[in-house]
Amino acid sequence: MDEGRAADGLALAALMGIQIKREVAEDTGVASKVAERLDALNSKDFAKADAIRKDLAEQGIALMDYKDEAGQRQTKWEVKR
Amino acid sequence: MTAKPQLSLYNTLHRAKAPFTPMDASNVRLYACGPTVYDFAHIGNGRAAIVFDLLFRLLRHSYGAEHVTYVRNITDVDDKINARALRDFPELPLNDAIRRVTETTAAQYQKDVAALSCLEPTVQPRATDNIEGMQKLITTLIGRGHAYVAEGEVLFAVDSMEDYGQLSGRNLDDNLAGARIAVDTHKRNPADFVLWKLSSADEPGWESPWGRGRPGWHIECSAMSERYLGETFDIHGGGLDLIFPHHENEVAQSRCAHGSHAMANVWMHNGFLQVEGQKMSKSLGNFFTIHQLLETKDFGGRKWPGEALRLAILMTHYREPIDFSQRRLEEAVTLLEKWERAAGDAEPASDLSPDLVDRLAPMISTRPAPSAASMPCSWTRAGPPTGSRWLP
């Protein structure tokens, strides 16, 4: 994506009084839980994986699974507003 | 130094848009009617705060942050406040009870609008700190033959002003006695309105030449705007519902007291807000406060972040009516998330090019903003909201 456009858009949104980027929270252990879930998935422990996903969802964390270029299962996550 | 965009503003007084030129570019003066502090502010109040905050921000951007004075008053004397004080604090002396109501409500309001990213206005005067100024105005109005005393009230004589009704476009014949207003026999014209009224022992009051009493609603804003912005200033704003009688009567008071041609050069009014397709009302169950949306799960079963509320309001042009709904908030949240993802590691540009700001200016000019449905594409495909579809 075009960096300049993103920079302009952020500045314009700021002029409107709208903060698009949120403060990045301190590491709350999400990354390790995501990794733990990935391990569970890879060892076909789906009950555990689902429990972790549900637990994170309650904290407002959404997960998205995808395959990387090497075909390995990966997980992206973000904090829902 | 890049050229700043010239704002074009719709003026209720002329029912037309015109390029805005301040009286003094080193001190651009804006007044907006603030809250009457007896209860939590609702989303409609939030809309007015956001709209005039956006205007304040654009003026600061155009003229420099130190060159804009924004006054938003706090109405802390009102019969609704008295009633609330008696209901909530029956054990306290009335003045203490009133102070409790106004102080907690005003503090809540500040908290609410701060969560909606509204900047603090330059001055937030309280009506009760300006009683002297109101009395001075009333004395002048009586002296100039624009007001009279009758049955414990000081009344403004609308017949004494040749062009009364200019702002709202109403003429006095519209206000035929008996048709819509009860006939008060002590009024010379049924449209005459109260500047001062006597207080009973259990009502708040201040000593005055006309006896211990309290001000009418409209005189407050005439006194506070004069004190901080002068006899004539640039822009006066408020909700559409304030045009008549509040703003009309402010104009009458200020112009007749000062012998001036204008109280404010530009009058701006934001549109109404409905909730889920209907006028917001407690009996319909669609009445929501800013606090409820931010801090409780009363609306749509979840709390909503302040920036989503703000965007949900700004997705509609300020003069258009808004139908506020759960769907609209969800749409705002989705947009914010898309934009955040698209922004990646970028930092805000330090200087906005004028043509970008030109895209923002229409939000407060006459051109309607695009519908919410047409907005998101430009950001998600090509970056943040700089594309032509974000703002026309």
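At a Cα cut-off below 17 Å, give the aspartates and glutamates reachable from B:K187, other chains included and same-chain residues fewer than 8 away excluded.
Straight-distance partners of B:K187: B:E151, B:E153, B:D159, B:D173, B:D174.
Could you tell me how many degrees, from 0 to 90 and to the nearest 10, lie between the Cα long axis of helix B:326-343 and the main elongation axis, the longest principal axis, of the Cα atoms of chain B?
50 degrees
From Cα pairs below 8 angstrom and at least 6 apart in sequence, can you work out the relative contact order of segment B:284-328, rounded to a whole percent? Write down the numbers at each step before the final one.
Details: 22 pairs, mean separation 10.7, N = 45.
This gives 24 percent for segment B:284-328.
In segment B:6-28, which residues have a backbone nitrogen under 15 Å from the label point lying 7 Å from B:H261's Cα in the Cα-to-Cβ direction?
Residues passing the 15 Å test: B:14, B:23.
State to the nearest 20 debye the size of the charge dipole of chain A about its Cα centre, where the only charges are +1 on K and R beta carbons and -1 on D and E beta carbons.
On the way: 14 positive and 16 negative charges, 61 e Å.
It comes to approximately 300 debye.
Assuming R0 = 22 Å, what is the FRET efficiency of B:K338 and A:K67, from their Cβ-Cβ distance, to the nearest 0.05?
On the way: r = 23 Å, r/R0 = 1.04.
Result of the calculation: an efficiency of 0.45.
Roughly how crowded by other chains is peptide B:341-354, in terms of the mean Cβ count from those chains within 10 Å of each of its Cβ atoms?
Values: counts 4, 6, 10, 4, 3, 13, 6, 13, 11, 2, 2, 6, 3, 0.
Other-chain Cβ atoms within 10 Å of each residue's Cβ, averaged: 6.
In nm, to one decimal, how far is the B:D96 label point from the B:E330 one, both placed 7 Å along Cα→Cβ?
5.0 nm
Looking only at other chains, what is the average number of their beta-carbon atoms within 10 angstrom of each beta-carbon in B:307-319? Intermediate results must be reported in sequence, preceding the final value.
Values: counts 8, 2, 0, 4, 5, 0, 0, 3, 0, 0, 0, 0, 0.
Mean partner shielding for this stretch: 2.
5 Å is the cut-off here: which amide hydrogens, built 1.01 Å from N in the peptide plane, fall below it relative to B:Y164, excluding neighbours closer than 5 in sequence?
Amide H neighbours of B:Y164, under 5 Å, 5+ apart: none.
Can you list residues whose amide H is under 5 Å from B:Y31's amide H, if they're 5+ apart or on another chain and H is modeled 1.01 Å from N?
Amide H to amide H, under 5 Å and 5 or more residues apart or across chains, B:Y31 pairs with B:V71, B:I235, B:H236, B:G237.
Alpha carbon centre of segment B:25-80 versus segment B:209-280: separation in Å?
13 Å
From the phi of every residue in segment B:306-318, what ³J(HN,Hα) in whole Hz does the Karplus formula 6.51 cos²θ - 1.76 cosθ + 1.60 yield, where θ is phi - 60° and glycine or proline is x?
Going residue by residue, I get x, 5, 6, 4, 4, 5, 4, 6, 7, 5, 10, 4, 5 Hz, with x marking Gly and Pro.
Under a plain spin-label model, where a point goes 7 Å from the Cα along Cα-to-Cβ, how far apart in nm are A:K44 and B:S350?
That separation, rounded to one decimal, is 5.8 nm.
Do the alpha carbons of any pairs in A:K33/A:K76; A:K48/B:K303; A:K54/B:K338; A:K80/B:K111 sit beyond 18 Å of each other, and which pairs? Spell out each step's value before the answer.
Details: A:K33/A:K76 12 Å; A:K48/B:K303 29 Å; A:K54/B:K338 23 Å; A:K80/B:K111 23 Å.
Long pairs (Cα-Cα over 18 Å): A:K48/B:K303; A:K54/B:K338; A:K80/B:K111.
Return the sequence-ordered ³J(HN,Hα) values of segment B:58-68 in whole Hz as given by the Karplus equation 6.51 cos²θ - 1.76 cosθ + 1.60 applied to θ = phi - 60°, using x for Gly and Pro.
Residue by residue, segment B:58-68 yields 5, 5, 4, 5, 6, 10, x, 4, 7, 9, 10 Hz.
Under a point spin-label approximation (7 Å from Cα along Cα-to-Cβ), what is the B:E132-B:A25 distance to one decimal in nm?
Distance between the two pseudo-spin positions: 3.7 nm.
Just from its helices, what would the mean residue ellipticity at 222 nm be for chain A, if runs of 4 or more DSSP H residues each count -39500 (n - 2.57) and the sum is divided by every residue, rounded to the nearest 500 deg cm²/dmol? Can you show the working numbers first?
Numbers: 3 runs with 39 residues, N = 81.
Roughly -15500 deg cm²/dmol at 222 nm, from the helical runs in chain A.
Could you grab the relative contact order for chain B? Cα pairs under 8 Å, six or more apart, rounded to a whole percent. Mind showing how you got there, number by number?
Numbers: 637 pairs, mean separation 73.3, N = 392.
Over chain B, the number comes to 19 percent.
Bear in mind that the values in this text are calculations on the coordinates, not laboratory data. A quick note: this is a predicted structure, and the numbers were derived from the prediction, not measured. Heads up, the Cβs are rebuilt from the backbone with ideal geometry, glycines too, and the neighbour counts pull from every protein chain shown.
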